[in-house]
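Taking it in order: structure first as structure tokens, then the write-up.
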Amino acid sequence: MIPYQLIWLIMLLPLFSFIINGLLIRPFINRKSKAYGYLTILLIAVSAVFSIWALKSVMSAENHEILVPDVSWMAIGNFNFHVGLIMDQLSAVMAVVVSVVSLMVQIYSMGYMAHDEAGYYRYYTYMSLFTFAMLGLVLSDNLLFTFVFWEMVGLCSYLLIGFWFHRKSAADAAKKAFIVTRVGDFGFLAGILILFYNTHTFDIYQLHELAVTGVLGGSVLTWAAIGLFAGAIGKSAQFPLHVWLPDAMEGPTPVSALIHSATMVCAGVFLVARMMPLFVFSTQAITLVAVIGGFTAIFAATMGLVANDIKRVLAYSTISQIGYMMLGLGVVGMALSHEISGGEIHAGTAEILIMAKGAVAIGMFHLFTHAFFKALLFMGAGSVNHSTGTFDMRLMGGLRRTMPWTYATFLIGSLSLAGIWPLAGFWSKDEILVNAFTSQPVLFYLAMITVFLTAFYMFRAIFMTFHGEYRGGATDDGQDHHHTHESPWVMVGPLVFLALMAIAAGWWNVTGSFSQFMGHEGGEAAGSAIMAIFKVFTHTVNGVPLPLVSLVVALFGIFSAYAVYSTKWITAERVGKFFGPLYNVLYQKYFFDKLYEDIIVKLVLIKNLFTGFQLFDSKGVDGAVNGAADVVMRGGQAIRRAQTGQLQLYALFIGIGIAIIAICVYIFG
């Protein structure tokens, strides 16, 4: 059993890396030194070891939880603010995901960032803080500190997306990400304040109990849950606050790998999962989670069909897959919510609370598997860029011959993302489809269409990047990219590790072990994992062999991409011409950037609202102040004329004054 003191070190070690790199050794060591990277890797590696140890301890602990004593922070009247950690199933899984993926990213960055000597120390300093913030978020036991770490994650993403701030596109992308996510964060903060106003606590476990016992309910619970979900929509780039994530590709590729797989965009999914006992007692809120997730999954996937930047393809894939996770949380939560509201569950408060917490298993399992193959895919894209100098797939091609390791690992990641048996993505995606099919058929069909689209756009990227003939690479950076090469082993090594995880991570749940560990008992348990892997296609849901159907749909998506982009039986130009108006809508990203930037920001806000405020400020506020000053000045000028300096005139006015006083005294007594 891991000592609770070491649980604190899981989050504090990356903070120590940030402090040492940024404050202690920076004045004494050259900014180009590799020591910054080595220190970051060492401390995050220890954090990862402690995270794995904590997960194993939680798996064997009573109630799958390790109690960590709180630390009192400050007291205001009768209210005591405390700092505490949760180490349960959810936190343990997330801590492993964040620390292990971050470790792979830091090692990979030693090669990828080697030539950026000016920003080398700054990069590892920011990445350390980023890892600390996300670990703090997933371990925090109260909403106040969750929000503090939530905002810290947003700050770090701003710093890292705009890492190359001398580029206008990078600076603009960082501001866009920061501002758009603030919209969602306003809802998150509103939800926290609603909860605190009505319950007088930030403690997450206390809020869970208040919701389950019915003390917290009705419209208060619904609006609070919707506020929390608004924060998740912004952070996880869900519709309609999805627009910032594709532009976030302006940051270094390892940053993109960490943001998309284990930190920022996963924070919203984690928040909904952590607060699931509140959501299941609000039918409206949990329905909103499922609907937004299901719609976002297919909505983002359609935009991935036409993107030419390989990182943008992966960005739309992330938005879509996060939608899948929200759908997984939503459909299971909706089923439980309906059972509770319909009186179908006859259990005590403690049992219902366990069920509510366990409802996150399906969505979180997809987050777990997705973290590994999405980090792999982004780092593979970075490896390709390292050789070709570009992310534009139209300038690539034929790279499988000169980059065999990158090709093999990228192919594994794509197969896993497409949901091909027996890779990790197949198992986590299949669980979501099964639950959607049994409870929400409309959302199931959206998810099934997304399966086809995902397989198509990922293998479109495979065929454009690695197959055919090489098309020359970048032409605008002054370097020769005609001779491509494999990346160094410091970059390939993490790709191989993540490829192995992209294959095997899903096997944790082939017998229902992950779901049972998380507290969800809905799946069928099987005795042998090996037998379960091969017998999965014999499983049926209401007579439909869903695993087989989803696999066939995914394979058809791969075949369609092969027909268009490899054999060219049907050319992409013909497809684009046939779907001309639709293609343009997708290429323009449904015109959301134009809606937000040209209409809402420039027309509504700048030209109207802000101009109105400016006029009110200049004409109203300034006019009132200047008018009052003008009255005083004119009055002073009038009085100043009476100040002639002639003693005779002053004596006359004094005499007149005395006479007036005497008359008043005489008349009024």
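The values are calculated or read from the model by the stated rules, or taken from the named source; none is laboratory data. Here the structure is a predicted model, which is why all the values come from computation and not from measurement. Using ideal geometry, Cβ is built from the backbone for each residue, glycine included, and neighbour counts are taken over all protein chains shown. SASA here: full protein model, heavy atoms, side chains in, ligands and nucleic acids out. Shrake-Rupley method; radii C 1.70, N 1.55, O 1.52, S 1.80 Å.
Can you pick out the pairs among Lys235/Lys357; Lys568/Lys589; Lys32/Lys594; Lys168/Lys568; Lys235/Lys429; Lys374/Lys568 whose Cα atoms lie more than 30 Å from each other? If you can, show how the numbers build up before the last one.
Values: Lys235/Lys357 22 Å; Lys568/Lys589 26 Å; Lys32/Lys594 41 Å; Lys168/Lys568 38 Å; Lys235/Lys429 22 Å; Lys374/Lys568 28 Å.
Flagged as over cut-off: Lys32/Lys594; Lys168/Lys568.
Per residue, the accessible area of region 1-88 comes to 55 Å² when a 1.4 Å probe rolls over the protein heavy atoms. Accessible surface for Leu42 stands near 100 Å², nearest 10, in the context of the full protein assembly shown (1.4 Å probe). Note on the chain: Kirkwood hydrodynamic radius from all Cα pairs is 27.1 Å, rounded to one decimal.
Note on surface exposure: Met531, Met264 rank Met531, Met264 by accessible area, highest first, 1.4 Å probe.
Listed by chain and number, the aspartates and glutamates whose C-alpha is less than 12 Å from the C-alpha of Lys175, apart from same-chain residues fewer than 8 away, are Asp247, Glu250. Excluding ligands, DNA and RNA, the accessible surface per residue across region 601-654 is 87 Å² with a 1.4 Å probe. Give me the net charge for the shell around Trp508: Cβ to Cβ below 14 angstrom, other residues only, Lys and Arg +1, Asp and Glu -1. Summing Lys and Arg as +1 and Asp and Glu as -1 gives -1.
Rounded to the nearest 20, the size of the Cβ-charge dipole of region 598-654 about its Cα centre is 180 debye, with Lys and Arg at +1 and Asp and Glu at -1. So which trypsin sites (Lys or Arg not before Pro) in region 374-446 pass both tests, a DSSP loop state and at most 16 other Cβ atoms within 10 Å of the Cβ? When the trypsin sites (Lys or Arg not before Pro) of region 374-446 are filtered for loop state and at most 16 Cβ neighbours within 10 Å, Arg401 remain. Shown in residue order for region 41-50 are the 3J(HN,Hα) couplings computed by the Karplus curve 6.51 cos²θ - 1.76 cosθ + 1.60 at θ = phi - 60°: 4, 4, 6, 6, 5, 5, 4, 5, 4, 5 Hz (x for Gly and Pro). The 3J(HN,Hα) values that the Karplus relation (6.51, -1.76, 1.60; θ = phi - 60°) gives for region 545-561 are, in residue order, x, 4, x, 5, 4, 5, 5, 5, 4, 5, 5, 5, x, 5, 4, 5, 5 Hz. Gly and Pro appear as x. Once backbone amide H atoms are built at 1.01 Å from N, His82 has Trp73 as its partners under 5 Å, excluding neighbours fewer than 5 places away on the same chain. Over region 170-256, how many percent of alpha carbon pairs lie in each 10 Å bin up to the one with the longest distance? Distribution as computed: 18, 38, 23, 17, 5 percent. Remark: region 49-172 carries a charge dipole of roughly 380 debye about the Cα centre, counting +1 on each Lys and Arg Cβ and -1 on each Asp and Glu Cβ. Quick one: if the Förster radius is 25 Å, what FRET efficiency do Leu652 and Asn626 give, using the C-beta to C-beta distance and rounding to 0.05? Given R0 = 25 Å and the Cβ-Cβ separation, E is 0.10.
In region 201-272, what percent of the accessible surface is made up of carbon and sulfur (1.4 Å probe, ligands and nucleic acids excluded)? Before the final figure, lay out each step's value.
Working: 910 of 1420 Å².
Carbon-and-sulfur percentage of accessible area, whole number: 64.
If I compute solvent accessible area with a 1.4 Å probe over the protein chains, what percent of it on region 491-639 is carbon and sulfur?
On the way: 6440 of 9300 Å².
Summing carbon and sulfur atoms, their accessible area is 69 percent of the total for region 491-639.
In this view, the solvent-accessible surface of Ile599, computed with a 1.4 Å probe and all protein chains in place, comes to about 80 Å².
Ranking Leu551, Ala561, Phe578 by Cα position along the charge dipole of region 494-648, where only Lys, Arg, Asp and Glu carry charges on their C-beta atoms, puts Phe578 farthest toward the positive end. The residues of region 149-272 present an accessible area of 31 Å² per residue when probed at 1.4 Å with all protein chains retained. Overall, the chain carries a charge dipole of about 1720 debye about its Cα centre when +1 sits on the Cβ of Lys and Arg and -1 on the Cβ of Asp and Glu, all other atoms neutral.
Mean projected area of the Cα convex hull of region 1-94, taken over all directions, amounts to 8.1 nm².
In the assembled protein chains, Cys664 presents an accessible area of approximately 60 Å² (probe radius 1.4 Å). The residue among Gly380, Ile449, Ser261 whose Cα reaches farthest toward the positive pole of the charge dipole of the chain, with charges on the beta-carbon of Lys, Arg, Asp and Glu, is Gly380. By how many degrees, 0 to 90 and rounded to 10, does the Cα axis of helix 441-466 deviate from the longest principal axis of the chain? Here the helix axis deviates by roughly 80 degrees.
Within region 1-83, report the chymotrypsin sites (Phe, Trp or Tyr not before Pro) that DSSP leaves as loop and that have at most 13 other Cβ atoms within 10 Å.
Values: sites: Tyr4, Trp8, Phe16, Phe18, Phe28, Tyr36, Tyr38, Phe50, Trp53, Trp73, Phe79, Phe81; in loops: Phe28.
Taking region 1-83 and a limit of 13 other Cβ atoms within 10 Å, the loop chymotrypsin sites (Phe, Trp or Tyr not before Pro) found are Phe28.
Which is the longest run of the chain containing none of the GluC sites (Glu not before Pro) found in DSSP loop states (not H, G, I, E, B) with at most 15 other C-beta atoms within 10 Å? Don't jump to the answer; show the numbers that get you there.
Values: sites that count: Glu117, Glu344, Glu469, Glu521, Glu524.
Here the longest run is 118-343.
Rolling a 1.4 angstrom probe over region 64-156 with all protein chains present gives an accessible area of which 65% lies on carbon and sulfur atoms.
In a DSSP loop and with at most 13 other Cβ atoms within 10 Å, the trypsin sites (Lys or Arg not before Pro) in region 612-669 are Arg641. Could you work out how far helix 168-199 tilts from the main Cα principal axis of the chain, as a 0 to 90 degree angle to the nearest 10? For 168-199 against the chain, the angle is about 80 degrees. At q = 0.21 Å⁻¹ the log10 of I(q)/I(0) for region 161-217 amounts to -0.76, computed by Debye summation with a single uniform scatterer per C-alpha, solvent ignored.
Close amide H pairs (under 5 Å, H built 1.01 Å from N) link Ser140 with Ile86, residues at least 5 positions away or on another chain.
As a test, work out the antiparallel percent of DSSP beta bridges whose residues both lie in the chain, rounded to the nearest 5. List each step's numbers first, then the result.
On the way: 11 of 11 bridges.
Around 100 percent antiparallel, to the nearest 5.
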